[in-house]
Amino acid sequence: SQQGEEDPQALSIQEGENATMNCSYKTSINNLQWYRQNSGRGLVHLILIRSNEREKHSGRLRVTLDTSKKSSSLLITASRAADTASYFCATDLPGEYGNKLVFGAGTILRVKS
Amino acid sequence: NAGVTQTPKFQVLKTGQSMTLQCAQDMNHEYMSWYRQDPGMGLRLIHYSVGAGITDQGEVPNGYNVSRSTTEDFPLRLLSAAPSQTSVYFCASRPSYAPEFFGPGTRLTVL
């Protein structure tokens, strides 16, 4: 089973509204990352939050991390039609020879104009 | 910088055929990884490498081989293609404890 689980699986909102996506994970992490994928394209990194950080901002993005609950949330404020995409969390875990990223199944966000 | 490049973009194979997906990066990143993406499954790690000569398995390594003889290149070999390997394959690279840079993907169909 996958380390990261996003919730909800799909989200549909009006332009200008805020969108919140959640990610839960199972084991201790080095950091947690959020990525966006537009249809048919590769993933693009949005934001990285380290295990000793609780909140991070980047433009209209706000990420929180609660290591006691093993969960993170991504908030996109004042959404735009161009934010329509799939969003994935990824947890950075220790591997045998180094660390590896494990991705969740993603949240599909649709912003209606 | 070209970033992460993948070839081919599209490939159709028959069951039992073998092939190599190519991946190269010009950013001198230590880590390189291969993922597959299936509908509704997100990305699953196949194999990754932390440097030349060092590779490790991910979640779904069966049916795939990798090697890393140089920092720049990380090819993925399908030994005997099966319909279950129909997927989109992404190569990525990064420094340690840093975000992934993804290639554009290879769409593979196995008949």
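The values are calculated or read from the model by the stated rules, or taken from the named source; none is laboratory data. Treat the numbers as computed from the prediction; the structure is a model and nothing was measured. No Cβ is skipped: glycine too gets one built from the backbone with ideal geometry, and neighbour counts run over all protein chains shown. We work out accessible area using only protein heavy atoms, side chains counted, and drop any ligands, DNA or RNA first. Shrake-Rupley method; radii C 1.70, N 1.55, O 1.52, S 1.80 Å.
How much accessible area per residue does region B:19-111 have, counting only protein heavy atoms and a probe of 1.4 Å, in square angstrom?
On a per-residue basis, 39 Å².
In debye to the nearest 20, how big a dipole does chain A give about its Cα centre with +1 on each Lys and Arg Cβ and -1 on each Asp and Glu Cβ?
Roughly 160 debye for chain A.
Determine the shape class of chain A: with a ≥ b ≥ c the square roots of the Cα gyration tensor eigenvalues, call it rounded for a/c under 1.5, and otherwise prolate if a/b is greater than b/c, oblate otherwise.
Verdict is prolate for chain A.
Can you grab the distance from the C-alpha centre of region A:23-37 to the C-alpha centre of region B:1-45, Å, no decimals?
If you average the Cα positions of each part, the centres end up 22 Å apart.
Once neighbouring chains are kept in place and the probe is 1.4 Å, which whole percent of the accessible area of the protein assembly as shown is contributed by carbon and sulfur?
48
For chains B and A, what's the summed buried accessible area, probe 1.4 Å, to the nearest 100 square angstrom?
The B and A chains share an interface burying roughly 1900 Å².
Take the residue pairs A:Lys69/A:Lys112; A:Lys56/A:Lys100; A:Lys70/A:Lys100; A:Lys70/B:Lys9; A:Lys26/A:Lys56 and return only those whose Cα atoms are more than 27 Å apart.
Among A:Lys69/A:Lys112; A:Lys56/A:Lys100; A:Lys70/A:Lys100; A:Lys70/B:Lys9; A:Lys26/A:Lys56, the Cα-Cα distance tops 27 Å for A:Lys69/A:Lys112; A:Lys70/B:Lys9.
Taking 0.36 nm per residue of separation and subtracting the Cα-Cα distance, what length does fully extending A:Tyr97 through A:Arg110 add?
Here the segment from A:Tyr97 to A:Arg110 would lengthen by 0.8 nm.
Using only the Cα atoms of the protein assembly as shown, what are the Rg and Dmax in Å?
17.4, 51
If Lys and Arg each add +1 and Asp and Glu each add -1, what is the summed charge of the other residues whose beta carbon sits under 10 Å from the beta carbon of B:Tyr89?
Once positives and negatives cancel, what remains is +2.
Once you list every other residue whose beta carbon is under 15 Å from the beta carbon of B:Tyr35, what net charge do they have if Lys and Arg are +1 and Asp and Glu are -1?
My count for the surroundings of B:Tyr35 gives +1.
Let me make sure I get this right: for region B:46-100, a, b and c are the square roots of the gyration tensor eigenvalues over alpha carbons, sorted descending. Under 1.5 in a/c it's rounded, otherwise prolate if a/b > b/c, else oblate. Which is it?
Prolate, because a/c is 1.5 or more and a/b exceeds b/c.
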